[in-house]
Amino acid sequence: MIKSLFSVFLSTVLLFGLLACGQPAVGKAVGDSGSSDSNNIESEAESESSPAVDIQGTSDLKSDVAATRGLSSSDANELPTGVFNRLWSDPPTLDPHLTSDTTSAGVVVEIFGGLVGFDINLQLIPDLAESWEISNDGLTYTFKIRDDAVFHDGTKVTAADFKWSLERAANPDTASPTAKTYLGDIVGVNEVLEGKNSEIVGVKAVDDNTLQIKIDAPKAYFLAKLTYPTAYVVDRNNVSEGGLNWTDNPNGTGPFKLSDYKIGERIILDRNNLYHLNPAKLARIQMNLAGGSSMAMYENDEIDITGVGLFDLERIKDPGDPLNGDLVVADPGYSVNYIGFNIEEPPFDDPKFRQALNHAIDKELIAKEVYSDLVVPAYGILPPGFPGFNESLEGLRHDPVLAKKLLSESNYADPESRPRIVITIPGTGGTPGLDLEVIINMWMETLGVEVEIQQVEWATYLKDLDEEKFQAFGGLGWEADYPDPQDFLDILFHSESENNHGLYSNQDVDILLQDARVETDLVKRIDLYQKAEEIIVDDAGWVPLWFAGESHVLIKPYVKGYELTPMTISKMRYVYIED
């Protein structure tokens, strides 16, 4: 989820600001901003121009740099002073324990940190824990906290800080939408979530530098789950003293610290010179929240990175264009866009009705005519290149004759008695994605099924999604938090998952997913997941729409070390500005 929910405003204008770049998604919902580059970079890429925001330049950076442990003031002043400028959107939250979308995660992963993380090659690496041991039975993880692990203010990070943070995330008063999903494997977490206990019995601070975590069964993906922000450490005093507004001045542990945040205007992150994995090579990240035409701003040197919109793609790909040399083509991201159904609400409680809707959509036509074949039609859940991707999965292909037959056999064949159908999407009154408009037309022309669209502001959309208030929901995608099929199939479709927003329930699928959790043989695990995926797809639990194709991004030639990763990770510490 970094989750990975991301709102996807898929129109011909915005598509490659979203899918090609790096905003809109930690599985996160991919939303109207975000951070996974293959799905996001500057998602407002081709929106209408807005007034430019006056963001502080570099003149005072050296005087702004805090004292760095182990460095003299002159050494601190010799650190690079480069500034990276980009577009972003207002994050729904900066609280890591509440983060469930890529817009928030793209900022949170730079301010906070956890025991472990991913490097730019998506290899699991130590973060605040310098090492760990796993017991022979696979149930107990013992982490050694780094001696030099400190919060932004220099306070040492201890095992007790992690224990308190995990218990805060699971506390019902925190109302984390992700705690059960990412921490539920830990013994005692469910009791805290249910208000039966205030302490997680499976988490023990052995001493200041030793943290022990016990899980309920051996699970190959557990360590990877700890890379999600729900497992990040926060400063107890910072949270307690700051109250509801503590994230206005967060005392994190990440490579950057929040220097300034003005809603709708800017976010400024300054380098954390105390960072335990060495100070970042950038002095500052400036995030413009006011919007504007991303391409125009890039050409005017106002921002350093942008996705290439469909209208500009042919021009930019021309070797004679002055921007062609800035073009970077990235591999597809680990995400899928979809339309979800609440299968407990009519008419989506009838599988034949859901199947009819799937078969009525000509995805190949939309991909070609609307998106010039720059997206890949999705007939399954797991994206190409992702562990467990099933090339032989047929899915529910376009078949209008079968679609009509299934509708006639459903409980909702009669349009007079059919319930009103509303699909809710993120947005504030703008034009819905062109793909969704075409799909709704196909449903009407093929099946005579009429569908209305309702738009809801992104933060409200996420809240209502978590509370399962929608009859159907679109404009949405899911981005991987870690490279394991459990992060898609189990989290999105197990009947007891808090991220199963459509309330999908199938006993056979639950059994397969539960068996896969503890299967130690990789081949057998993948087979279990592929069987579960096939059932989910045949049940028409949702309408899978698109996997991302190649992403086209412009990056200024003086920006070095910026990697386009297929999912949201902390990586800005590697970036630098070449003089």
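Points to keep in mind about this one:
- Residue within the range 372-391 that is under 23 Å from Pro566 (Cα atoms), surrounded by fewer than 16 Cβ atoms within 10 Å (Cβ to Cβ), modelled with pLDDT under 95 and in contact with a helix residue (DSSP H, G or I) (Cβ under 9 Å, 6 or more places away or on another chain) present: yes
- Total residues in the range 541-573 satisfying the condition of being of a type in the set (Gly, Ala, Ser) and either closer than 19 Å to Thr102 by Cβ or touching a Lys or Arg at 6+ places or on another chain (Cβ under 6 Å) (or both): the figure is 4.
- Residue ranges of strands (runs of 3 or more DSSP E) in the range 421-495 with at least 3 members over 29 Å from Ile535 (Cα atoms): 452-456
- Residues located in the range 499-518, provided they are crowded, with 17+ Cβ neighbours inside 10 Å and touching a helix residue (DSSP H, G or I) at 6+ places or on another chain (Cβ under 8 Å): Asn499, Asn500, His501, Tyr504, Asn506, Val509, Leu512, Leu513, Ala516, Arg517
- Just one of the listed residues (Asp127, Asp161, Asp148, Asp153) is modelled with pLDDT of 95 or more and in contact with a strand residue (DSSP E or B) (Cβ under 8 Å, 6 or more places away or on another chain), and it is Asp127.
- Of all residues making up the range 221-253, the number that are aromatic (Phe, Trp, Tyr) and in contact with a strand residue (DSSP E or B) (Cβ under 6 Å, 6 or more places away or on another chain): 1
- Matching residues, the range 172-197, being more than 16 Å from Glu467 (Cβ to Cβ) and of a type in the set (Lys, Arg): Lys196
- Residue check, Asp312 modelled with pLDDT of 95 or more and either more than 23 Å from Leu447 (Cα to Cα) or assigned by TED's automatic domain parsing to the domain that holds Asp399 (or both): no
- Selection count, the range 187-242, where residues are under 14 Å from Ala159 (Cα atoms) and part of a loop (DSSP other than H, G, I, E, B): 8
The values are calculated or read from the model by the stated rules, or taken from the named source; none is laboratory data. Note that the structure is a prediction, hence the values are computed from the model and not measured. Note that each Cβ is placed from the backbone with ideal geometry, even for glycine, and that neighbours are counted across all protein chains shown.
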